[in-house]
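Novice: Can you read through this structure? Questions will come right after.
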Amino acid sequence: MRALLRVPPGEPVDLTAYDTRATPGGPKGKAAGLAATAALGPGLAGLQERLYAASTAGDRRRLLLVLQGMDTSGKGGTVKHVIGHFNPSGCRIQAFKAPTEEERSHPFLWRIAKALPRPGEIGIFDRSHYEDVLIARVRSLAPAAELEARYGEIREFERSLAEDGVTVVKVFLHLSYEEQRDRLLERLDTPEKHWKFNPGDIEERALWPAYREAYELALERCSSAAPWYLVPADRKWYRNWAISTLLAEHLAELDPRYPPGDFDVAECRRRLLAQ
């Protein structure tokens, strides 16, 4: 899946060339996709347990899933349906909102560094440091020169994470303009979903071309230390299967191992049976 979904590193990106309803490498249809995603669960849970167990013996490795995408692209749904395979005690989930006054007083990566997963953990960022070259660019929240410098800072930051044992899996959820409208309308038409709706989403939607350009630049300029994976997001079942598969591939490649006991197993067993 990594080869199918990886954005070509360092090359110009044209998001209009990617079909948001495509299902590259995926099961044939929703029912098969749901079943395939469920089947991945036990394997993912086992890999997570091995990662956490290895950390108790000093293994510093951990995994960070970065989720980016337009409003309603499914960042929260991914957390619910994909991360649900894992033991919550081994996960660290952070949803980044607008920075607080304290956070604005620090360099933009300060709050990101504070939220990183610890050894043995799986971290999930619902939005991330990329907001500082996305909405900040679209809304002109920083000088142009500062925005340009941030791409280099992000590349260096992600390189330092890799050197420290963090496997960064960056996923761009590629949603269509039409599908976003349908999802926003569903929120308006369903009273139980009104809490999810923000009238400001309509204003942000009017800036779709500017956001698309900002994403294209981020995907192009920040793929050296940690590649971007583009997941078509119009079909929720495919989104969940694809991200589950990406996580399974990365965790399997890490191949964490249970640490051996630092005690005499036979002696402990003898003592226990003697009681």
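The values are calculated or read from the model by the stated rules, or taken from the named source; none is laboratory data. All figures in this text were calculated on a predicted structure; none of them were measured in a lab. Don't worry about glycine lacking a Cβ; one is built from the backbone with ideal geometry, like all the others, and counts go over all protein chains shown. Keep in mind that these areas ignore ligands, DNA and RNA; they rest on the heavy atoms of the full protein, side chains included. Shrake-Rupley method; radii C 1.70, N 1.55, O 1.52, S 1.80 Å.
Novice: Of the residues Leu40, Leu63, which is under 12 Å from the mean Cα position of the chain (by Cα) and either surrounded by 14 or more Cβ atoms within 10 Å (Cβ to Cβ) or assigned to a helix (DSSP H, G or I) (or both)?
Specialist: On the way: Leu40 fails: under 12 Å from the mean Cα position of the chain (by Cα).
The unique qualifying residue is Leu63.
Novice: When both residues are 6+ apart or on different chains and their Cβ atoms are under 8 Å apart, which pairs have a first residue that lies in the range 78-97 and is within 24 Å of Asp234 (Cα to Cα) and free of Cβ contacts under 8 Å to residues at least 40 places away in the same chain, and a second that is open to solvent by less than 20 Å² (accessible area, probe 1.4 Å) and among the polar types (S, T, N, Q)?
Specialist: Phe96/Ser128
Novice: Does at least one position in the range 251-272 carry a residue that is among the aromatic types (Phe, Trp, Tyr), closer than 30 Å to Pro119 by Cβ and surrounded by fewer than 17 Cβ atoms within 10 Å (Cβ to Cβ)?
Specialist: Applying the first criterion (among the aromatic types (Phe, Trp, Tyr)) to the range 251-272 yields 258, 263.
In the following step, the residues that additionally are closer than 30 Å to Pro119 by Cβ were identified as 258, 263.
Subsequent filtering for residues that are surrounded by fewer than 17 Cβ atoms within 10 Å (Cβ to Cβ) retains 258, 263.
Taking every residue of the range 251-272 in turn, at least one turns out to be among the aromatic types (Phe, Trp, Tyr), closer than 30 Å to Pro119 by Cβ and surrounded by fewer than 17 Cβ atoms within 10 Å (Cβ to Cβ).
Novice: Would you mention how many residues in the range 122-143 are outside any strand (DSSP E or B) and within 27 Å of Leu51 (Cβ to Cβ)? Quick ask: steps written out before the conclusion?
Specialist: Within the range 122-143, the first condition is being outside any strand (DSSP E or B), and the residues that meet it are 127-143.
Right, trim to within 27 Å of Leu51 (Cβ to Cβ) and you get 127-130.
Result for the range 122-143: 4.
Novice: Looking at the range 170-189, is at least one residue assigned to a helix (DSSP H, G or I), aliphatic (A, V, I, L, M) and under 19 Å from His81 (Cα atoms)? Steps first, answer last, please.
Specialist: Here is the first cut: in the range 170-189, the residues assigned to a helix (DSSP H, G or I) are 177-189.
After this cut, where a residue has to be aliphatic (A, V, I, L, M) as well, the list is 184-185, 188.
Filter once more, so that each one left must be under 19 Å from His81 (Cα atoms): none.
No: the range 170-189 contains no residue that is assigned to a helix (DSSP H, G or I), aliphatic (A, V, I, L, M) and under 19 Å from His81 (Cα atoms).
Novice: Separate question: How many residues does the range 136-165 contain that are touching a residue at least 60 places away in the same chain (Cβ under 8 Å), open to solvent by less than 70 Å² (accessible area, probe 1.4 Å) and not hydroxyl-bearing (Ser, Thr, Tyr)?
Specialist: Adding up the residues that qualify gives 7.
Novice: What number of residues within the range 1-37 satisfy the criterion of being of a type in the set (S, T, N, Q), part of a loop (DSSP other than H, G, I, E, B) and over 20 Å from Glu249 (Cβ atoms)? Even if it seems obvious, please write down each step before you answer.
Specialist: The first filter runs over the range 1-37 and keeps only residues of a type in the set (S, T, N, Q), leaving 16, 20, 23, 37.
Cutting the leftovers down to part of a loop (DSSP other than H, G, I, E, B) gives us 20, 23.
This time we only want the ones that are over 20 Å from Glu249 (Cβ atoms), so: 20.
Within the range 1-37, residues that are of a type in the set (S, T, N, Q), part of a loop (DSSP other than H, G, I, E, B) and over 20 Å from Glu249 (Cβ atoms) number 1.
Novice: Also: What are the residues in the range 83-121 that are open to solvent by less than 80 Å² (accessible area, probe 1.4 Å), assigned to a helix (DSSP H, G or I) and under 21 Å from Ala54 (Cβ atoms), if any?
Specialist: Selection gives Ile83, His85, Gly90.
Novice: OK, next. Among the candidates Lys75, Lys80, single out the residue that is open to solvent by less than 30 Å² (accessible area, probe 1.4 Å) and of a type outside the set (Ser, Thr, Tyr).
Specialist: Numbers: Lys80 fails: open to solvent by less than 30 Å² (accessible area, probe 1.4 Å).
Testing whether each residue is open to solvent by less than 30 Å² (accessible area, probe 1.4 Å) and of a type outside the set (Ser, Thr, Tyr) leaves just Lys75.
Novice: Tell me, please, whether a residue that is assigned to a strand (DSSP E or B), modelled with pLDDT of 95 or more and either closer than 22 Å to Pro256 by Cβ or among the β-branched types (Val, Ile, Thr) (or both) can be found in the range 145-165.
Specialist: Residues of the range 145-165 assigned to a strand (DSSP E or B): none.
So far as the range 145-165 goes, no, none of its residues is assigned to a strand (DSSP E or B), modelled with pLDDT of 95 or more and either closer than 22 Å to Pro256 by Cβ or among the β-branched types (Val, Ile, Thr) (or both).
Novice: Give the range 210-245 a look and list any residue that's part of a loop (DSSP other than H, G, I, E, B) and either in contact with a His (Cβ under 9 Å, 6 or more places away or on another chain) or open to solvent by 10 Å² or more (accessible area, probe 1.4 Å) (or both), or say none. Full working, then the answer.
Specialist: Taking the range 210-245 first, the residues part of a loop (DSSP other than H, G, I, E, B) are 222-227, 233-235.
Those that are part of a loop (DSSP other than H, G, I, E, B) and either in contact with a His (Cβ under 9 Å, 6 or more places away or on another chain) or open to solvent by 10 Å² or more (accessible area, probe 1.4 Å) (or both): Ser224, Ala225, Pro227, Ala233, Asp234, Arg235.
Novice: Could I ask something else about it? Of a type in the set (A, V, I, L, M) and more than 18 Å from Ala3 (Cα to Cα): which single residue out of Ala226, Ala242, Ala266, Ala248 fits that description? Please lay out each step first, then the result.
Specialist: Values: Ala226 fails: more than 18 Å from Ala3 (Cα to Cα); Ala242 fails: more than 18 Å from Ala3 (Cα to Cα); Ala248 fails: more than 18 Å from Ala3 (Cα to Cα).
The match here is Ala266.
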